[in-house]
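Down below is the structure, laid out as structure tokens.
The values are calculated or read from the model by the stated rules, or taken from the named source; none is laboratory data. Keep in mind the model is a prediction, meaning the values are calculated, not measured. Positions of Cβ are backbone-derived with ideal geometry, glycine not excepted, and every protein chain shown enters the neighbour counts. Calculation scope for accessible area: heavy atoms of the full protein, side chains included, ligands and nucleic acids excluded. Shrake-Rupley method; radii C 1.70, N 1.55, O 1.52, S 1.80 Å.
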Amino acid sequence: MKSIDEIRKEIESYKIENAEAMEQFRLQFLSKKSELQSMFSQIKDIAPEERKSFGQMVNELKDKAQQRLEEYRGKLEAAACAHSGIADVTRPSRNIAMGSMHPISIMMNQVRRIFEDIGYTAVTGPDIEDDWHVFTALNFAEEHPARDMQDTFFVELHPDILLRTHTSSLQVRTMENQQPPIRVICPGRVFRNEAITSRAHCIFHQVEGLYVAENVSFADMKQTLLYFAQRMFGPDVRIRLRPSYFPFTEPSAEMDISCYICGGEGCNLCKHTGWVEILGCGMVDPNVLENCGIDPNKYSGFAFGLGIERMTMLKYTTNDIRLYFENDVRFLQQFKAATK
Ligand code: DAH
């Protein structure tokens, strides 16, 4: 039987240069059948007064062997890495830069989800439209100023082909292809020949909504829009409808929500009125139903249209619409938490 001293010397002088030697070392000093292990089993036979110090020494030896093994394992791994061209496996990895969704997409998805939850289906359509789908079918009079070149981008000055000025064109496309009941929302990009300022842009986004069925009433519209406002801005939000005019709805209204910043008390956002305008709406004009091949004596419906940039500016209290088009990452990255 080797003495503790002998084993210590062996551990200290053992040459470990490769993986096999390392395994040999492990078998000899640390496995269940090793000399050290058999010393552990002898502890119980040792005279009680020596037992403690003997036990301590055997434990120290085991720690030493363990230490050497780890040390060599590290060295061998580093050598293997150097050989394979990997510099340092222990180095922390580089940060992966996470992107964020664009605020306009976030808002589009939110609006979409709210309406999909109550049975609306999202439909899309072309950005480049004809006069019929953007104006004529929607009951715009021949001389309506929206048709003017000052408001509308025409494609190569062709009087019939233009960039849609609103997503209401999708009402027409949907009704032309489908009989009631119809329940759709139409998200999309729209274009207007306007000077770019902090409040207006020549490109922006809208979501149009349309519900046509038998006996659809103004009360149905009001309740649907209240549901929308409360899901978007919180359960305490109230709505108010003001009479307005759109060629394609009769009666028409503009909808305000109670200011969610001050709760209606009056603040900068609501210009001290307690109310903020968020969308246009109304009962689909019978002429429009007829233009699209739907019997106005049998069916009625409501429609609404809201501006996504405006909603986003209200929800995230930003005051310059241009921020949404400049794509400055310092601005966009602030929407990381809202990205879903
Ligand atoms: N198309 C209108 C616009 O661009 C928005 C709108 C208002 C749509 C009332 C509607 C509506 O469907 O009923 O300003």
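How many percent of Cα pairs in the chain exceed 34 Å? Value for the chain: 50 percent of Cα pairs lie more than 34 Å apart.
Extending 7 Å from the Cα toward the beta-carbon at both LYS336 and SER84 defines two label points whose distance is 3.1 nm.
Under the criterion of Cα pairs below 8 Å and six or more residues apart, the relative contact order for the chain equals 16 percent.
Give me the percent of accessible area attributable to carbon and sulfur for region 2-84, probe 1.4 angstrom. Mind showing how you got there, number by number?
Working: 2890 of 5680 Å².
Carbon and sulfur: 51 percent of the exposed surface of region 2-84.
With a Förster radius of 45 Å applied to the C-beta separation of THR317 and ASN297, the computed FRET efficiency comes to 0.45. For the peptides 244-254, 122-132, residues were scored by their other Cβ atoms within 10 Å and the scores averaged per peptide; the highest-first order is 244-254, 122-132.
So, for region 249-337, what is the accessible surface per residue at a probe of 1.4 Å, expressed in square angstrom? Before the final figure, lay out each step's value.
Numbers: 4130 Å² over 89 residues.
That works out to 46 Å² for each residue.
Under 5 Å from the amide H of GLY274 lie the amide H atoms of GLY266, CYS267, each residue being 5 or more positions distant or on a separate chain, with H modelled from the backbone and absent for Pro and chain starts. Taking amide H as placed 1.01 Å from N in the peptide plane, TYR260 has no amide H partner under 5 Å among residues 5 or more places away or on another chain.
Within the accessible area of region 103-335, the carbon and sulfur atoms contribute 49%, probe 1.4 Å, all protein chains present.
Beyond 28 Å in Cα-Cα separation lie the following of the pairs LYS44/LYS64; LYS15/LYS44; LYS222/LYS336: LYS15/LYS44; LYS222/LYS336. Applying a 4.7 Å cutoff between beta carbons, the unpaired cysteines of the chain are CYS81, CYS186, CYS202, CYS281, CYS292.
Applied to region 253-269, the Karplus parametrisation 6.51 cos²θ - 1.76 cosθ + 1.60 on θ = phi - 60° returns per-residue 3J(HN,Hα) values of 8, 10, 10, 10, 10, 5, 4, 7, 7, 9, x, x, 5, x, 8, 4, 4 Hz, with x for Gly and Pro.
Couplings 3J(HN,Hα) for region 155-172, derived from phi with the Karplus relation 6.51 cos²θ - 1.76 cosθ + 1.60 (θ = phi - 60°), are 7, 6, 6, 6, x, 9, 10, 8, 7, 4, 8, 7, 7, 4, 4, 6, 4, 5 Hz, where x marks Gly and Pro.
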